[in-house]
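*Asks:* One structure, pasted below without further comment.
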Amino acid sequence: MFGIDIPLPDFWVVYFFIFWVLVGSTAAPVVFRHKGHHPLIGIVVGAAVGALSGIAFTLLLAALQPLADLLDDPLASILVSIVVSAAIILALLAFVRRFVPESGGAGPRAVEAAGGPRAPVTYSARVDKVDPGWQSVQALRASVVIMLAGLTLIPVIWMAMTAFKSYPDAVASPPKVVFDPTLEGIVTLMTKRRNLDSAQIAEYEARDDLNWADRIMLKSGKAIIGQSDYVKRLRNSLIIAGTSTVLSVSMGLLAAYAFSRFRVPGEGDLLFFILSTRMLPPVVVTIPIFLMYRELGLYDTHLGLIALYTAFNLSFSVWLLKGFIDEIPKEYEEAALVDGYTRLQAFRRIVMPEAVTGIAATTVFCFIFAWNEYAFALMLTTDKARTAPPHIPSMIGSGVVEWAAIAAGSLFFLIPVVIVTFALRKYLLRGVTFGAIRQG
Amino acid sequence: MEKRPGVFSGKVGLTFLTPALFFVAIFLILPFFWIFYLSFTNRTLTGVTAANPQFVGLENYQRLFDFDQWMRYGQFGNALKITFQFVLGSALLGQAVVGLTVAWAFYRRKGLLRETVFTLAVLAWIIPEVVVAFAWSAFLDVDRGTLNTILSAVGLGQPDWLFDYPLLTIIIFNTWRGSAFSILLFSSALETIPPSYVETADVVGASAWRKFRDIIFPLMRGHILTDLILITLWTFNVFTPFLLTGGGPTFRTELVSIYTYRTAFKFFEFGRGGAIAVVMMLINFMLAMGYLIALRRQKAVS
């Protein structure tokens, strides 16, 4: 698409150099500033020292290879390399601290040497704020954490990239980092295709009623003949997750209101009882549910999964919403009742608007649960009501593995979850602890 | 909150509750008792015992706890042992320690770095399990996987992770996936500690370790307990590793949840599956009770 075709040096070597340069250039400036130099010098020197460390790391690793071979265990060699990098980082820090000369500038120590502060003291006097050792450890920690976080994201990044690769790019070894992005994977995911021979390809190319998806598939010599199963599964996922979310939130809201405002006999026990259902392992519930659904004809139906997800989410929505409603002063409603509202009106006009954040947060959590759920869907559906989660792994097992298509399927399945989570991350912790912990 | 009779009387409350209780009763309470009943029968999916299950007493349990067999591969004892190692490694040593370390590392820090790390952790946790499993199996692939490509680039060996170290791999995988909860919980617990305590320690020059040991840890004990019980419970029940290893190779990653699944939905022996489920529920029940007691005690303190 963009015609990028630059041969890169070995990607991972580059990655490691970036790592070391980052470590150097974040840890060193602190020391430089402390000793009265401009921090920019620190960044430059740190980057240079970092690059040297990268080389040292590679060489040391090569030197230690016999040792790793001696251990005859790949895991041991990985551990050795971790120890080596930790040692290099520490050596680097000690080096910078020890050999950078003091300067006559305006660093904290320079000010003290001149006989007390001449300018107003703008730096903190706390030990952990002025000790360069402490500060460079902090900076170092930051860069290590970022790199580790980046490493753990590799699987997801890889998936997002694969979703936009063509088939040859997706199976290339070593994996391609730079590639021509294409929508082939997505089209493959959504459609059924048949192979064309060369005469048919020519015929298809002559036609002018092709849409963009047809053209993409034509490039690899295929014609679209219909929708794939994945579209059906995705639709099922939407219907089931959506309906069960609406049901569990509305019923949960009523129940939470009752628990919060009314004198319910045996309230504590009932609440505990509802919560305890969430502690049941899914596999355990599935066995009797499976038998029950076969008797009732609910096996592999939308209704069956909707009912089960609703019941499972209820415990969650009751507890969470109760916490939110408890925070609304009861006096508001009492005043409304005195003014002649019916209870239902008071609920709708007073409680609902006040609890709207809570309702939104609960909706999202219920939706995510139903949307992500795998085990129930695997065991209680086969085809008609099967949702996307059990379908994605089964794509790997059938015929030619369309990596790009699977990656695209996973990616699109993931996007709604990520968006809603970010919108409501403030309530995340409160959500999963059933409202037990408020902030986070 | 005080509840006055009259305006908020009991009977109306119950009508509000009815739909929710109905659903919970049908889909969760009924199965709960049914599984007890099933565990004493020889119910299967097909054959004679499907239509007319016999009452077999404790036979299913005896087969489960048959001590001559039970440590063999693919038996209950083995699954329990693996689950124990898995919970120990992934929940207690993995998630709790990672959570505490990250929360402590970002204590009293604001800004982009903290946001980034927390966001990434939450991302790993909230992504659908099938997506995560797919991304990881590609990451760990022996020939073309990203991990082994990195390792070979720096000259290290390239093990077949899911075959050579299956248990270790799913432990690390589950730690990666589940740490966000501990991180969030611990950092919100840290925020409740009055800053003056730590600042006083700073002034007298206490080391980070001493601050942690003498100030932070005693004040967070309740939260740590909550966290440990909850993550133990979740890790015990987790089914996601099935997507990575399918319980193999040769049952080396067969957790109890996977074992139950295999018995009930591969061999369709619902009676035996029921017996395992009951044992699993008992373990869960004890953990959940622990959690609820801890929660109540915490409330009483605050």
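*Asks:* Give me the pairs: first residue in segment A:178-201 and under 27 Å from A:HIS391 (Cα atoms) and in the same structural domain as A:SER410 (by TED's automatic domain parsing), second residue of a type in the set (Ser, Thr, Tyr) and open to solvent by 30 Å² or more (accessible area, probe 1.4 Å), beta-carbon distance under 6 Å, and six or more apart or on different chains, which are they?
*Replies:* none
*Asks:* Would you confirm whether any residue within segment B:176-191 is over 18 Å from B:THR101 (Cβ atoms) and open to solvent by 40 Å² or more (accessible area, probe 1.4 Å)?
*Replies:* no
*Asks:* Filter segment B:280-293 down to the residues that are open to solvent by less than 40 Å² (accessible area, probe 1.4 Å), touching a residue at least 24 places away in the same chain (Cβ under 8 Å) and within 10 Å of chain A (Cβ to nearest Cβ) and list them by number.
*Replies:* B:MET280, B:MET281, B:ASN284, B:ALA288, B:TYR291
*Asks:* Being modelled with pLDDT of 85 or more and over 30 Å from B:GLY246 (Cα atoms) is the filter here; which residues of segment A:361-380 pass it?
*Replies:* Result: A:THR362, A:THR363.
*Asks:* Same structure again: What's the total number of residues in segment A:333-344 that are more than 10 Å from chain B (Cβ to nearest Cβ) and closer than 29 Å to A:LEU275 by Cα?
*Replies:* So the answer is 1.
*Asks:* Does segment A:247-264 contain any residue that is in a loop (DSSP other than H, G, I, E, B) and more than 9 Å from every other protein chain (Cβ to nearest Cβ)?
*Replies:* Within segment A:247-264 (the criterion being in a loop (DSSP other than H, G, I, E, B) and more than 9 Å from every other protein chain (Cβ to nearest Cβ)), the answer is no, since none of the residues qualifies.
*Asks:* Tell me which of these A:ASP269 doesn't satisfy, since it passes every other one: (1) in a helix (DSSP H, G or I); (2) of a type in the set (Asp, Glu); (3) modelled with pLDDT of 85 or more.
*Replies:* (3)
*Asks:* Residue under question is A:ARG349, and the condition is that it be at pLDDT below 80 and either crowded, with 19+ Cβ neighbours inside 10 Å or not β-branched (Val, Ile, Thr) (or both); does it hold?
*Replies:* no
*Asks:* Can you name every residue in segment B:1-48 that is at pLDDT 80 or above, surrounded by 17 or more Cβ atoms within 10 Å (Cβ to Cβ) and more than 8 Å from chain A (Cβ to nearest Cβ)?
*Replies:* Within segment B:1-48, B:SER39, B:PHE40, B:THR41 meet the criteria.
*Asks:* OK, next. Among the listed residues B:ARG144, B:ARG108, which satisfies the condition of being in contact (Cβ under 8 Å) with a residue 60 or more places away in the chain, over 16 Å from the mean Cα position of the chain (by Cα) and surrounded by fewer than 17 Cβ atoms within 10 Å (Cβ to Cβ)?
*Replies:* Result: B:ARG108 is the single residue among B:ARG144, B:ARG108 that is in contact (Cβ under 8 Å) with a residue 60 or more places away in the chain, over 16 Å from the mean Cα position of the chain (by Cα) and surrounded by fewer than 17 Cβ atoms within 10 Å (Cβ to Cβ).
*Asks:* Is at least one residue of segment A:327-345 in the same structural domain as A:PHE413 (by TED's automatic domain parsing), touching a residue at least 60 places away in the same chain (Cβ under 8 Å) and among the hydrophobic types (A, V, I, L, M, F, W, C)?
*Replies:* No, there is no match, as no residue in segment A:327-345 is in the same structural domain as A:PHE413 (by TED's automatic domain parsing), touching a residue at least 60 places away in the same chain (Cβ under 8 Å) and among the hydrophobic types (A, V, I, L, M, F, W, C).
*Asks:* Pull up segment A:274-294, narrow it to residues that are without any contact (Cβ under 8 Å) to a residue 12 or more places away in the chain and over 32 Å from the mean Cα position of the chain (by Cα), then point me to the one that is nearest to the other protein chains (Cβ to nearest Cβ).
*Replies:* By that ranking, first place goes to A:PRO288.
*Asks:* Exactly one of (1) among the polar types (S, T, N, Q); (2) outside the structural domain of A:LEU414 (by TED's automatic domain parsing); (3) within 27 Å of the chain's Cα centre (by Cα); (4) modelled with pLDDT of 75 or more is unmet by A:THR245. Its number?
*Replies:* Evaluating A:THR245 over (1) among the polar types (S, T, N, Q); (2) outside the structural domain of A:LEU414 (by TED's automatic domain parsing); (3) within 27 Å of the chain's Cα centre (by Cα); (4) modelled with pLDDT of 75 or more leaves (2) as the failure.
*Asks:* Determine whether B:THR200 is in a helix (DSSP H, G or I), at pLDDT 85 or above and over 29 Å from B:THR83 (Cα atoms).
*Replies:* yes
*Asks:* Now, a different point. Those residues that are of a type outside the set (D, E, K, R) and within 33 Å of the chain's Cα centre (by Cα), I need them from segment A:225-236; list them, please.
*Replies:* Listed by number, the residues that qualify are A:GLY226, A:GLN227, A:SER228, A:TYR230, A:VAL231, A:LEU234, A:ASN236.
*Asks:* Go through segment B:260-270 and give me each residue that's more than 8 Å from chain A (Cβ to nearest Cβ) and either in contact with a strand residue (DSSP E or B) (Cβ under 8 Å, 6 or more places away or on another chain) or assigned to a helix (DSSP H, G or I) (or both).
*Replies:* Answer for segment B:260-270, where residues must be more than 8 Å from chain A (Cβ to nearest Cβ) and either in contact with a strand residue (DSSP E or B) (Cβ under 8 Å, 6 or more places away or on another chain) or assigned to a helix (DSSP H, G or I) (or both): B:ARG262, B:THR263, B:LYS266, B:PHE268, B:GLU269.
*Asks:* Take the residues of segment B:236-259 that are open to solvent by less than 10 Å² (accessible area, probe 1.4 Å) and not in a loop (DSSP other than H, G, I, E, B): which is farthest from the other protein chains (Cβ to nearest Cβ)?
*Replies:* Among those that are open to solvent by less than 10 Å² (accessible area, probe 1.4 Å) and not in a loop (DSSP other than H, G, I, E, B), it is B:PRO241.
*Asks:* From A:ILE289, A:ILE240, A:ILE274, which residue is crowded, with 22+ Cβ neighbours inside 10 Å, over 23 Å from A:TRP319 (Cα atoms), assigned by TED's automatic domain parsing to the domain that holds A:ALA346 and aliphatic (A, V, I, L, M)?
*Replies:* Among A:ILE289, A:ILE240, A:ILE274, only A:ILE289 is crowded, with 22+ Cβ neighbours inside 10 Å, over 23 Å from A:TRP319 (Cα atoms), assigned by TED's automatic domain parsing to the domain that holds A:ALA346 and aliphatic (A, V, I, L, M).
*Asks:* Among the residues of segment B:193-235, which ones are more than 10 Å from chain A (Cβ to nearest Cβ) and of a type in the set (Asp, Glu)?
*Replies:* Listed by number, the list holds a single entry, B:ASP214.
*Asks:* Right, another one. Taking B:GLY273, is it at the interface with chain A (Cβ under 10 Å from one of its Cβ atoms) and surrounded by fewer than 24 Cβ atoms within 10 Å (Cβ to Cβ)?
*Replies:* Spelling it out, it is not the case that B:GLY273 is at the interface with chain A (Cβ under 10 Å from one of its Cβ atoms) and surrounded by fewer than 24 Cβ atoms within 10 Å (Cβ to Cβ).
The values are calculated or read from the model by the stated rules, or taken from the named source; none is laboratory data. Everything numeric here is computed off the predicted structure, so don't read it as measured data. Using ideal geometry, Cβ is built from the backbone for each residue, glycine included, and neighbour counts are taken over all protein chains shown. The protein model used for the area step is the full one, side chains on, heavy atoms only, and it has no ligands, DNA or RNA in it. Shrake-Rupley method; radii C 1.70, N 1.55, O 1.52, S 1.80 Å.
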